[in-house]
Amino acid sequence: EAIEKGGFEHFMLKEIYEQPKSIKDCFRGRLKANDGKLVLGGIREYSNALINAERIVIVACGTSWHAGLVAEYIFEEFCRIPVEVEYASEFRYRNPVIKEGDIMFAISQSGETADTLAAMELAKSKGAVVLGVCNVVGSSISRVSHEGVYTHAGPEIGVASTKAFTAQLTVLTMIALRVAHRKGTLAEQRYREILVDLENIPNKVAKALETDKQVEKIAALFKDARNFLYLGRGYNFPVALEGALKLKEISYIHAEGYPAAEMKHGPIALIDEEMPVVFIATRDSSYDKIVSNIQEVKARKGKVIAIVSEGDSLIPGMVDHTIEVPGTHEALMPMVATIPLQLLSYHIAVMRGTNVDQPRNLAKSVTVE
Ligand code: G6P
């Protein structure tokens, strides 16, 4: 086992560090930004159905559902196709409206999640085209899908998903860019620029990993907190949800992820000097808005940890701790901004002495309803 962990103390940490490589593996044979080339061999027969879809429904559970939320924003922005993201367990039991010509994406690391599988079967029986985004080759979900794209992140052992998440984001972004390009909803030059940004993501993730020591120090300060709030807006809203989920899963600290603007409708009541609030506040179209949300938390004496873009000169002066990550196109930011949050949950869990790779009550793959 020590050999399998490749010198890391836990599989989770090894998998966090594998991300520059796993994202590159995901590009292999598919992306060549300099030539404007993006090929997805896994979707051929149904590529026209996808391009002409009037609606896309995404089903998934857990971390994969968070990847689906990011995909919703990306598909709507670039492809102008309406997207709904559903928990597979809700979708399958609520007599959903789904019809011929609809496209369903089923996202799953293991490819064995029972609820996701059942949601796909239901959609198929109503004539929808079901496309899988799976990590495990030959898994049940990949077999039940009409077509699909593998994430190729390699085996993920840690129960808390890390590299599978960033690989899912990579695949879903590639699919959306391909569709947008073919539909003509994304101008050629912008398309080319985003491809270049995408190809650079592994380097940016590697850079974000360099925050590790700093994140570990912050973890030491907050390891005994009883609650955490994670806030983000736009593309960083799902990142907030995922950050909170990581912390809950492995450190057993209660954490909530929220859209930062929605805080005033409830969570703001929880804020006092005991409450750590993690803001994902990188430079994007909602930057000014999130700066005001930070002020609202500071005015109530909350302790703020902010994930910011490199060179941010405003937020560090307002908050207790800042963690800088390299900038990129805002739609790609989740892949970078999620890295320090993975590290934060990891270090807090280690300091609290929990079983990081196999947290209590959780399973890597949930094959029961
Ligand atoms: C379990 C795992 C999570 C995972 C979720 C969905 O709860 O512990 O890490 O996100 O299932 O799994 P899937 O394999 O479908 O992505």
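Annotations
- Of Ala281, Ala240, Ala255, all but one fail to be under 17 Å from Val308 (Cα atoms) and in contact with a Leu (Cβ under 7 Å, 6 or more places away or on another chain); the exception is Ala240.
- Within the set Val70, Val85, Val97, the sole residue that is within 29 Å of Glu330 (Cβ to Cβ) and outside any helix (DSSP H, G or I) turns out to be Val85.
- Residue under evaluation Ala160, criteria (1) part of a strand (DSSP E or B); (2) within 11 Å of the ligand (Cβ to nearest atom); (3) among the hydrophobic types (A, V, I, L, M, F, W, C), criterion not met: (1)
Per-residue answers, yes or no, for (1) within 16 Å of the ligand (Cβ to nearest atom); (2) at pLDDT 95 or above:
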residue	(1), (2)
Gly36	no, no
Gly42	no, no
Tyr46	no, yes
Ile56	no, yes
Trp65	yes, yes
Gly68	yes, yes
Tyr73	no, yes
Glu76	no, yes
Val83	no, yes
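- Members of segment 112-160 found to be hydroxyl-bearing (Ser, Thr, Tyr), out of contact with any Leu (no Cβ under 9 Å at 6 or more places or on another chain) and closer than 30 Å to Pro202 by Cβ, listed by number: Thr113, Thr116, Ser139, Ser142, Tyr150, Thr151
- Those strands (runs of 3 or more DSSP E) of segment 199-296 in which at least 1 residues are without any contact (Cβ under 8 Å) to a residue 60 or more places away in the chain and hydroxyl-bearing (Ser, Thr, Tyr), considering only elements entirely within it, cover 254-259.
- Checked against (1) touching a helix residue (DSSP H, G or I) at 6+ places or on another chain (Cβ under 6 Å); (2) more than 16 Å from the ligand (Cβ to nearest atom); (3) in contact (Cβ under 8 Å) with a residue 60 or more places away in the chain, Pro359 passes all but a single condition, namely (2).
Yes/no per residue for (1) closer than 28 Å to Glu76 by Cα; (2) of a type outside the set (Lys, Arg); (3) buried (at least 24 other Cβ atoms within 10 Å of the Cβ):
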| residue | (1), (2), (3) |
| --- | --- |
| Leu229 | yes, yes, yes |
| Phe237 | yes, yes, yes |
| Glu242 | yes, yes, yes |
| Lys248 | no, no, no |
| Glu256 | yes, yes, no |
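- Residue in segment 93-111 that is surrounded by the most Cβ atoms within 10 Å (Cβ to Cβ), counting only those that are hydroxyl-bearing (Ser, Thr, Tyr) and within 16 Å of the ligand (Cβ to nearest atom): Ser108
- Options Gln168, Gln189: the member that is of a type outside the set (A, V, I, L, M) and either farther than 12 Å from Ala67 by Cβ or away from the ligand (no atom under 16 Å from the Cβ) (or both): Gln189
- Which listed residue is in a loop (DSSP other than H, G, I, E, B) and either within 17 Å of Ala331 (Cα to Cα) or in contact (Cβ under 8 Å) with a residue 40 or more places away in the chain (or both), from Thr173, Thr185, Thr166: Thr185
- Residues of segment 112-137 that turn out to be more than 14 Å from the ligand (Cβ to nearest atom) and either more than 12 Å from Val59 (Cα to Cα) or touching a Cys at 6+ places or on another chain (Cβ under 9 Å) (or both), as a count: 6
The values are calculated or read from the model by the stated rules, or taken from the named source; none is laboratory data. This structure is a prediction, so every number in the text was calculated from the model and none was measured. Don't worry about glycine lacking a Cβ; one is built from the backbone with ideal geometry, like all the others, and counts go over all protein chains shown.
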